[in-house]
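Everything below concerns the one structure shown next.
What follows is calculated from the coordinates using simple rules that are stated; it is not laboratory data. Because the structure is a prediction, the values reported are computed rather than measured. Methodologically, a virtual Cβ is constructed for each residue, glycine included, from the backbone with ideal geometry; neighbour enumeration extends over all protein chains shown.
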């Protein structure tokens, strides 16, 4: 499973994971997928299509991942078949255009856990 990290998108802290070339792997449900394409660039669009990373809202791919959802982990995740990424998902990634999403990566020490903040805000102490 790829690591989950944080981005700032539209002044909001969001979660993200890198998914290079739509490789078959365990994909966590995050706010955004960073899709790095090297092989999966449409031949028809090759001249005008960027190979670099695209920031894609997870909501745009969730429907394609539903058949691969697994409950083997404490967070929602999708296990793509190890042999080859399903053709419909590969075609979707090939057809992606340059991303309009502008994101800035932030380090984990800059992220304040919302649940802890909310507990302290209402005057109750978190149980550690």
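Placing dummy labels 7 Å off each Cα toward the beta-carbon, the span from residue 10 to residue 62 is 1.4 nm.
Stretching residue 79 away from residue 1 to a fully extended chain increases their span by 27.2 nm, per 0.36 nm per residue minus the current alpha-carbon distance.
Just to verify a number: FRET efficiency for residue 106 and residue 38, C-beta to C-beta distance, R0 = 25 Å, to 0.05? With R0 = 25 Å, the Cβ-Cβ based efficiency is 0.45. Less than 15 Å from a label point 7 Å out along the Cα-to-Cβ axis of residue 18: which backbone N atoms in segment 75-90 qualify, by residue? No residues fall inside that zone.
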